[in-house]
Amino acid sequence: MIVRASPNNTKLPPAPKLQELVNQGYGRNQIAAMYGVSLDHARKILKECGIIAPRSRDPNAQSPTPIMTLYVEGRPVTLPRVSMISDMEKYA
């Protein structure tokens, strides 16, 4: 087993700060790089804190928004984008 010490013994911030970073759009890879810790350490700490973070994400990218959301029996159903429908028409 290879154990890598983080540079300058930096540690990850407390859970509220980690949750704030995830809410801002940072993924595990970006958080690990930001604080100079290994990816395994970042994943372990996020899991211990109960924070679900994607592996990698660009915090400046805008998340796609669905055109319309329907609710069936209290659960949301997202409809496809218009471009997807136009692509399907080619094969009809």
* Find the residue count for the range 25-37, including only residues that are part of a loop (DSSP other than H, G, I, E, B) and either modelled with pLDDT under 90 or among the basic types (Lys, Arg) (or both). => 4
* To do: Would you be able to say whether some residue in the range 76-88 is assigned to a loop (DSSP other than H, G, I, E, B), small (Gly, Ala, Ser) and at pLDDT below 90?
  => no
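The values are calculated or read from the model by the stated rules, or taken from the named source; none is laboratory data. Nothing here was measured: the structure is a model prediction, and the numbers come from that model.
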